[in-house]
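The values are calculated or read from the model by the stated rules, or taken from the named source; none is laboratory data. Predicted model only: the values in this text are computed from it and were never measured. Glycine also receives a Cβ, built like all others from the backbone with ideal geometry; neighbour counts cover every protein chain displayed. Just so you know, the surface numbers come from the protein's heavy atoms only, side chains and all, with ligands and any DNA or RNA stripped out. Shrake-Rupley method; radii C 1.70, N 1.55, O 1.52, S 1.80 Å.
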Amino acid sequence: MALLDILEFPDPRLRTEAKPVEIVDDSLHKLTADMLETMYDAPGIGLAATQINVHKRVVVIDITEDKSAPLVFINPRITQISDTIEESQEGCLSVPGFFEIVERPEKVRVDALNRDGNPFTMECDGLLAVCIQHEVDHLNGKLFVDYISPLKRNRIRKKLDKIHRSNAR
């Protein structure tokens, strides 16, 4: 397994829409294993392939404290199953150090393939629902900062640009 580099906002590659996975094979198994290792090391609870500059519709998630329940979603499709909208504070490995309130549907259904390529359906609520919606947004070229005001988004962009410039020296 290998640790992968995570792209950071405002990198334009984060805006690339991911393509569906056609074949679940050994290279995809390696990708998901590397993504999980990278997510755990970061540390985070979710990672989309787009965030590591791989533009395939692949997401890994583990919301447990002890990292004991890794989930792999290949070609995930989300359907809202609740009219209730919840507010929650979100952060992102691609927007390190920033947290903002985002509104999302409380419950969703996810249809996807698992790491072996078998189809499954899962109903999600709470943190898992927030996380899967956040990660699928990445696959669609969207970031959680797109849900906040342009003023806040630009402030975050400027702060991260400054950090990136100072780290490049």
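Remarks
- Which numbered condition residue 115 misses (of (1) open to solvent by 50 Å² or more (accessible area, probe 1.4 Å); (2) in contact with a His (Cβ under 8 Å, 6 or more places away or on another chain); (3) without any contact (Cβ under 8 Å) to a residue 60 or more places away in the chain): (3)
- Of 66, 111, all but one fail to be charged (D, E, K, R) and part of a loop (DSSP other than H, G, I, E, B); the exception is 66.
- Filter result for residue 98 (touching a Cys at 6+ places or on another chain (Cβ under 8 Å) and assigned to a strand (DSSP E or B)): yes
- Every residue from segment 52-64 that is in contact with a Cys (Cβ under 7 Å, 6 or more places away or on another chain) and crowded, with 18+ Cβ neighbours inside 10 Å: 61
- Boolean, residue 57 is among the basic types (Lys, Arg), under 15 Å from the mean Cα position of the chain (by Cα) and over 30 Å from residue 155 (Cβ atoms): yes
- Taken over segment 1-45, the residue count meeting the criterion of being farther than 27 Å from residue 68 by Cα and among the small types (Gly, Ala, Ser) is 1.
- Among residues of segment 65-89, those that are open to solvent by less than 40 Å² (accessible area, probe 1.4 Å) and closer than 12 Å to residue 129 by Cα, counted: 2
- Qualifying residues in segment 12-43 (those that are of a type in the set (Gly, Ala, Ser) and open to solvent by 20 Å² or more (accessible area, probe 1.4 Å)) - the one farthest from residue 146 (Cα to Cα): 27
Here is a yes/no grid of residues against (1) open to solvent by less than 10 Å² (accessible area, probe 1.4 Å); (2) over 13 Å from residue 99 (Cα atoms); (3) touching a Cys at 6+ places or on another chain (Cβ under 6 Å); (4) modelled with pLDDT under 95:
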| residue | (1), (2), (3), (4) |
| --- | --- |
| 129 | yes, yes, no, no |
| 132 | yes, yes, yes, no |
| 139 | yes, yes, no, no |
| 144 | yes, no, yes, no |
| 154 | no, yes, no, no |
| 161 | no, yes, no, yes |
